[in-house]
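Here is the structure we will look at, set down as C-alpha cells.
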Amino acid sequence: MRTFGLALALVAIAVQTTHAEWVPGDSLRDRREVHLRNVRQLTFGGENAEAYWSADGKQLILQSKRGELLCDQIFVLEVATGATRMVSTGNGRTTCSYFFPDGKRILYASTHESGAECPPTPDYSKGYVWKLYPGYEIYTARPDGSDLQRITHHDDYDAEATLAPDGKRIIFTSLRDGDLDLYTMRPDGGDVRRVTTTLGYDGGGFYSRDGKRIVWRASRPETPEDQATYRALLAEHSIRPMALELFVADADGGNARQITRNGAANFGPYFFPDGKSVIYASNVGDAKGRNFDLWRVRDDGSGLEQITFNDTFDGFPMFSPDGKQLVFASNRNARERGETNVFLADWVESVAP
C-alpha cells in the first residue's frame, strides 16, 4: 500500500501508445507480450489483487473487494477450478496475505480488532496518498481462517508481510520506530530485527527463492523540502507513493543496492526463479503516470525489458513454485471501470528473434 545504466534508459523512454493487439486463440494476450502464453482469467468482477501462490502450486491467496464487501478481505482460490472462499473475518480492512511454506497456516494483516467497520478512505485533497491505518496488525490462521492468532502487538502500522521460503522468517513493514522500515521476525512474532534505517518508505518485501536475499520498493526523499513533506504526511499516517524505486539486499539488509532509478512508481517486485532478475510493475512508460505494465530488470540494474503492454494496469506478478507460470493482476478484459482481476499465464523464457 515502494547508479546504473538502467536510469538513463528509463528516463529516455517516450510516452507509449499501447493499443492492444489481442492474439486470436489467446485473446487475453497482446501480441507484444512474447513471454506470455495461454493467458486465462481466474476472477471475474470486483477488485482482486496481490494473488500469491501456495508452495504446492494448487492455490492462490489474494485480497478482494467483491459483492457486498465494502473493503478488502482475504480469499483463497483453487487454481484448477477457480473456486474461492473468504478466510479473513469479514470485519475491518485486510491486506497482504501469504501462505506458509508447509501449507498449514496463512498470514495477513487486518484492522478488524480496531473496529468491524472499514477504516475511513484517505483524504485526497492533498493529492493521491496511501493511508497507513494504525489498526493494521499481522495475524496467522489455518487455511480455512480458523485459529486466528495475532503476532504483532505494536499499536501502529504493521503490514505488508511475506515469508521466507523455509518459513523461518517473516519480512514486514512497520512504523514502530517512527519511520516506515522493513523488519523481520519469527513466525510467532518473536525476535524482531530491523532491516532498513534510511529515511523514507520501505515496503513490499519479498525473499529470493533461496532465502538469501530480499527485494523491495522504497521512497528516498532527498531534499529538505521533500523530507519535510514526507514527515508531515507520515504524522498523518499517510504517504504519497508517486516515486518508488526498487532495491535488493542480503536477507539481513546488508549489501543493499538500488536497481531502478527512474523517478516513477515502481512496485510489486518479485525475483525470477534463478534469482538473477526481478519482475515488477511500473508506470515509467506513461507520462501521465496512469498506465502500469510489468517490466523485467537484472539484479544489477541492467537488461531492462517490458513484459506486458496492456493500456491500463498490470501489477503484482509472482512466478509459480515450478517457475512455469506467472500470476498477475490486471484491468484487461474488465466489464466495468475500475475492475481488477487475477490472470494466469504460461511463462516463455526463450523468445525467438
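Values quoted throughout were computed directly from the atomic coordinates according to the rules given, and no laboratory measurement underlies them. This is a predicted model, so every value here is computed, not measured. Here the Cβ is made from the backbone with ideal geometry for all residues, glycine too, and neighbour counts use every protein chain on show.
Values computed for the structure shown
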read-out	value
Chymotrypsin sites (Phe, Trp or Tyr not before Pro) within the range 67-149: DSSP coil, no more than 13 neighbouring Cβ in 10 Å	Tyr128
Disulfide-incompatible cysteines by the Cβ rule (no partner under 4.7 Å) in the chain	Cys96
Distance between modelled label sites at Val192 and Asp274, nm, 7 Å Cα→Cβ extension	4.0
Per-residue Cβ neighbour rank within 10 angstrom, fewest leading, Phe247, Phe172, Phe100	Phe100, Phe247, Phe172
Cβ-based net charge around Gly46, under 11 Å, with every Lys or Arg adding one and every Asp or Glu removing one	-2
Rounded Å value of the spacing that divides the Cα centres of the range 327-351 and the range 243-270	24
The chain - mean residue ellipticity at 222 nm from DSSP helices (-39,500 (n - 2.57) per run, n ≥ 4, rounded to 500)	-1500 deg cm²/dmol
Neighbourhood net charge (12 Å Cβ-Cβ; Lys/Arg +1, Asp/Glu -1) for Arg85	-2
Volume in Å³ per residue [convex hull over Cα atoms, computed for the range 289-351]	108
Loop-located GluC sites (Glu not before Pro) in the range 64-151 whose Cβ has at most 16 other Cβ within 10 Å (DSSP)	Glu68, Glu117
³J(HN,Hα), Karplus 6.51/-1.76/1.60, whole Hz, each residue of the range 212-219, x for Gly, Pro	8, 9, 10, 10, 7, 9, 7, 9
Length added when fully stretched, Val348-Ala80, from 0.36 nm per residue minus Cα-Cα	94.4 nm
Integer Hz, Karplus 6.51/-1.76/1.60 couplings in order for the range 281-294, x for Gly and Pro	9, 7, 9, 4, x, 10, 4, 8, x, 9, 9, 10, 10, 8
Environment charge of Phe292, counting only residues whose C-beta is closer than 11 Å and scoring Lys/Arg +1, Asp/Glu -1	-3
Total lysine pairs whose alpha carbons fall under 29 Å of each other in the chain (8 or more apart, or interchain)	21
Sorted by Cβ neighbour density within 10 Å, fewest at the top, the residues Trp53, Trp216	Trp53, Trp216
Percent of alpha-carbon pairs separated by more than 27 Å within the range 5-345	42
Amide H contacts under 5 Å for Thr308, placed H, 5+ residues apart	Leu294
Listed peptides 197-204, 283-290 by packing density, highest first (mean Cβ within 10 Å)	197-204, 283-290
Bridge type composition, the chain - antiparallel percent by DSSP, nearest 5	95
Per-residue ³J(HN,Hα) for the range 340-349, Karplus 6.51 cos²θ - 1.76 cosθ + 1.60, θ = phi - 60°, Hz, x for Gly and Pro	10, 10, 9, 10, 10, 9, 6, 9, 10, 6
Calculated FRET efficiency for the pair Gln41/Asp123, C-beta based, R₀ 35 Å, to 0.05	0.55
